[in-house]
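Encoded as structure tokens, the structure appears first; notes follow it.
Read-outs: derived from the displayed coordinates by stated rules, not from any lab. A quick note: this is a predicted structure, and the numbers were derived from the prediction, not measured. Cβ: placed from backbone, ideal geometry, glycine included. Neighbour counts: every protein chain shown.
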Amino acid sequence: MLNPPDNCVSQNPAQPAPRGRSATDTERILEETRARLELALDLAQMGTWDLDITHSRLQASARASFLHGMDAQPFDDDSRLFFDRLPAEERDRVRAAYTAALESRQDCLQMTYRFQMKDGTSRLIESRARIYRDEIGNPVKLAGTLLDITQQCVQAALEASEEKFAKAFHSSPDSITITEIESGRYVEVNDGFCRLTGFSAREVLGRTAHEIGIWTDTVQREFMIDELRQKGRMHHREMNGRDKNGAPLVLDVSVEFITLNNTACLLMNARDIGQLKSAQAQIQHLAYHDPLTGLPNRALLMDRLSQQVSLLQHQNLRGALLFLDLDHFKHINDSLGHPVGDSVLSVIAARLEASVRQEDTVARLGGDEFVVLICGLDGSLEQVTHQVRVLADNLRVLLAEPMFLDGHRLQVTPSVGIVLIPDDGLTPADLLKRADIALYRAKDSGRNASQFFHVSMQQAVSQRLRLENDLRL
């Protein structure tokens, strides 16, 4: 006889008719019970099956047959015909689970497998069964149900996805908004949007971006709309906006289409990059400017000098490069300290900038060395030379004016080396080197002087280097 497990309920085994009740009544009651059970299973869209393990014969309800891709008719045949309709990989997995359950002597079996229906759709089937064993524990029968759980899994996945989206939406530090495409009205905004703009959700929901005035550049807005129409999304575009108080915002914006409650919407993610842009600009500035005075440094000077050489040749004009060095500046640093020395350098930088045109360049090469690049000088060589000499003399007079710093009256004078462009060189390196040679000739002549470069100066330097090398030998 069959012995159902203690923790599983048997499938309505026949019971002797209660005393006082006829066999006909009992049959009628059993038939009514069976009908109610079939109705309940049908309403629950569950199929039933019964497997005789000894003879490999399976009986299944019409619903179970339908769930296995067959006509909705009761099945009574070899069990392999019932399961052979499964995809090969699913069939192997079901067989392995079935074998493991029987060999493990467990009482119940539950598995889920995927089935390909006649119309090509894929369904997820859940099978639950009880295992019946004989007196010595060998399995002889399985009886169970089949249930299509595809919709349940889809709904569970959808709910999980919606929950994940909601968590990501509300917990994101970025500004995230959802707006209706047709009306442009805000449907949802997160806390990141409120922190960024200063608006509360109540102030925004049901209104449009135009009504709250969050975008400042209509051209950027139109470009965003055009890109969305052409590509269906927009990723990482820089846009300008403003917060509730009118303060400017620089935003990195990404937008894509979504459907919310059957309504076409735009999902927008915006991140404040104002500080990042400011930091990048500062880094860029420091790469090409002197941190103490804010003047262009050597790198920027060489770039501008290279451009000016080409431009002056093309325009048939001249320019000049004035290399300035402060006389005895080291004494100020040594006696009064570097803070006072830095203040002196800042005053010198300001005086130089105030003395030249906007198109000219004042640069600091380091220490007490400054360069003034004068461009666009018209006239003969003699005329340009005169103009530059007057400018150099004026700069020497201006820089020598007393300054009062930290309770001290200080006065510094410059020595100036001058080269003309393109007469004295066609490369930035040559021009700077020859201006430096002229500068030291000015210092040798007694300081606080200006000296134009002459080719004889370079020859003298070359001779001196050769002599020094000979002495070392």
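Hey, with R₀ at 56 Å, roughly what FRET efficiency would residue 181 and residue 350 work out to, going by the Cβ-Cβ distance, to 0.05?
Values: r = 56 Å, r/R0 = 1.00.
Here the calculated transfer efficiency is 0.50.
Applying the Karplus relation 6.51 cos²θ - 1.76 cosθ + 1.60 with θ = phi - 60° to region 102-116 yields 3J(HN,Hα) values of 5, 6, 7, 6, 6, 8, 10, 10, 9, 8, 10, 9, 9, 10, 8 Hz, where x marks Gly and Pro.
Diffusion coefficient of region 289-472 by Stokes-Einstein, Kirkwood radius over Cα pairs, 4 °C, 1.567 mPa s: 76 µm²/s.
Multiplying the residue separation of residue 386 and residue 447 by 0.36 nm and subtracting their alpha-carbon distance yields 19.9 nm. The residue among 278, 198, 213 whose Cα reaches farthest toward the positive pole of the charge dipole of region 187-334, with charges on the beta-carbon of Lys, Arg, Asp and Glu, is 213.
Assuming 0.36 nm per residue, please report the length gained on full extension of the stretch residue 426 to residue 335 beyond their Cα-Cα distance. Mind dumping the intermediate values first?
Numbers: separation 91, 0.36 × 91 = 32.76 nm, distance 4.14 nm.
Extra length available between residue 426 and residue 335 comes to 28.6 nm.
Charges only on Cβ, +1 for Lys and Arg, -1 for Asp and Glu: so what's the dipole of the chain about the Cα centre, in debye to the nearest 20? Using only the charged Cβ atoms, the result is roughly 560 debye.
The H on the amide N of residue 140, modeled in the peptide plane, is under 5 Å from the matching H of 132, 133, 134, each at least 5 residues off or on a different chain. Scaling against 2.2 N^0.38 Å puts the C-alpha radius of gyration of region 172-276 at 0.99.
Each Cα pair under 8 Å and six or more residues apart adds its separation to the average, and for region 289-472 the resulting relative contact order is 26 percent.
Compute and list, largest first, the equivalent-ellipsoid semi-axes of region 369-462 from the alpha carbon gyration tensor, each √(5λ) rounded to a whole angstrom. Could the numbers behind the result be given before it?
Working: eigenvalues 135, 55, 27 Å².
Value: 26, 17, 12 Å, ordered largest first.
Between the Cα long axis of helix 218-231 and the first principal axis of the chain there is an angle of about 40°, rounded to the nearest 10.
What fraction of the Cα pairs in region 250-371, stated in percent, has a spacing above 19 angstrom?
I get 65 percent for the Cα pairs in region 250-371 exceeding 19 Å.
In this label model, residue 397 and residue 264 are separated by 7.5 nm, measuring between points 7 Å along each Cα→Cβ vector.
Considering only 386, 355, 129, the residue lying farthest towards the positive end of the dipole of the chain is 386, judged by Cα position with unit charges set on Cβ. Report, in degrees rounded to the nearest 10, the 0 to 90 angle that the Cα long axis of helix 23-43 makes with the longest principal axis of the chain. Taking the Cα atoms of the chain, the angle to 23-43 is about 20 degrees.
Size descriptors for the chain, from the alpha-carbon set: Rg then Dmax equal 45.7, 142 Å.
For region 58-177, the orientation-averaged shadow of the C-alpha convex hull comes to 10.9 nm² (one quarter of the hull surface).
Rounded to the nearest Hz, the phi-derived 3J(HN,Hα) couplings of region 275-286 under the Karplus curve 6.51 cos²θ - 1.76 cosθ + 1.60 (θ = phi - 60°) are 5, 4, 4, 5, 5, 5, 5, 5, 5, 4, 5, 5, where x marks glycine and proline.
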